[in-house]
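None of the figures in this text is laboratory data; all of them are computed from the coordinates on show. Since the model is a prediction, treat every value here as computed from it, not as a measurement. Please note: Cβ atoms are built from the backbone with ideal geometry, for glycine as well, and neighbour counts cover all protein chains shown.
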Amino acid sequence: MTQSATVVALLASLAVVLVAGFVARVLVAPRHVIAPTDRATSWWRTLAQRRRATPPPTDSEMAAWCDQVAVALRSGRSLTAAITETDAAWRPRAVLPSVGQSIRRGRALGDAFTDAPADPATPRGLTVPVLTASARLGGPAAPVIERVAATLRARDAERAERRAASAQARLSARLLTVLPFAVLAFLALTEPSVRDAASSPLGLTCLMLGAALNVIGWGWMRHLIGARR
């Protein structure tokens, strides 16, 4: 009877932990819609893309790139030459590789940006529309690109300020997540009564339920802090 109760308690606890992990994943997952036919393979594709893709430039890196393009423009380079030469010499990776490839294939600079990222929330997505407008409309591009660099630096500073303001909350979330496990391990090593209670069916059920609630709390705190923003 005791063995049967232990098996039932373990299975019930495992189910609770799996449900808690799913809930925590939903809480911290980005809000986007996945087509029903892609649900089974979307995470495989995401992992493969992350392994192959190079990390995108940050706001500070993109601002430095814009400054370099503006310097080349003020030294007498055309906008096409300034962009392609700066991008070719940029390390550790090119910022707009698709633009350079399109220009080498004979496309005009204004049309070469059609394949570039256009999400204004990203550094490249904020810069590309300005470069496209400068290429198509003409006029002095250096001051405009320098303003984009200033905007990127201001956004980077604002993001750093938000991270500094949420540092205490993130530390509290980590502490509240790790501390229960650390206390349990310490008590299990030092107190035989704790080991006996934890090895019983009711104790195992309580431990798994507590671990599940801990995981859900961790996901909820990450959701409130905005760890993915």
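Computed values, structure above
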{"quantity": "Charged-residue dipole, Cβ positions (Lys, Arg, Asp, Glu), segment 166-229 about Cα centre, Debye nearest 20", "calculated": "500"}
{"quantity": "Which of 196, 111, 67 has the fewest Cβ neighbours within 10 Å, and the rest in rising order", "calculated": "196, 111, 67"}
{"quantity": "Dipole of segment 59-165, positive end: most advanced residue of 96, 152, 128 [Cβ charges, Cα centre]", "calculated": "96"}
{"quantity": "Overall form of segment 105-201 per C-alpha gyration tensor (a/c, 1.5; a/b vs b/c)", "calculated": "prolate"}
{"quantity": "Local net charge near residue 74, Cβ-Cβ under 11 Å (Lys/Arg +1, Asp/Glu -1)", "calculated": "-1"}
{"quantity": "Proximal charge balance of residue 115 [Cβ under 12 Å; K/R count +1, D/E count -1]", "calculated": "+2"}
{"quantity": "Burial ordering of 73, 207, fewest other beta-carbon atoms within 10 Å first", "calculated": "207, 73"}
{"quantity": "Length released on extending from residue 104 to residue 158, taking residue separation times 0.36 nm less the Cα-Cα span", "calculated": "15.7 nm"}
{"quantity": "Where labels lie 7 Å past Cα in the beta-carbon direction, separation of residue 133 and residue 206 in nm", "calculated": "6.4"}
{"quantity": "Segment 59-165 shape via C-alpha gyration tensor axes, a/c threshold 1.5", "calculated": "prolate"}
{"quantity": "Positive dipole terminus of segment 166-229, leading residue within 183, 208, 225 (C-beta point charges)", "calculated": "225"}
{"quantity": "Electrostatic dipole magnitude of segment 67-112 [Cβ: Lys, Arg +1; Asp, Glu -1; Cα centre; debye, to 20]", "calculated": "120"}
{"quantity": "Full-extension gain in nm, residue 189 to residue 89, via 0.36 nm per residue minus C-alpha separation", "calculated": "30.2 nm"}
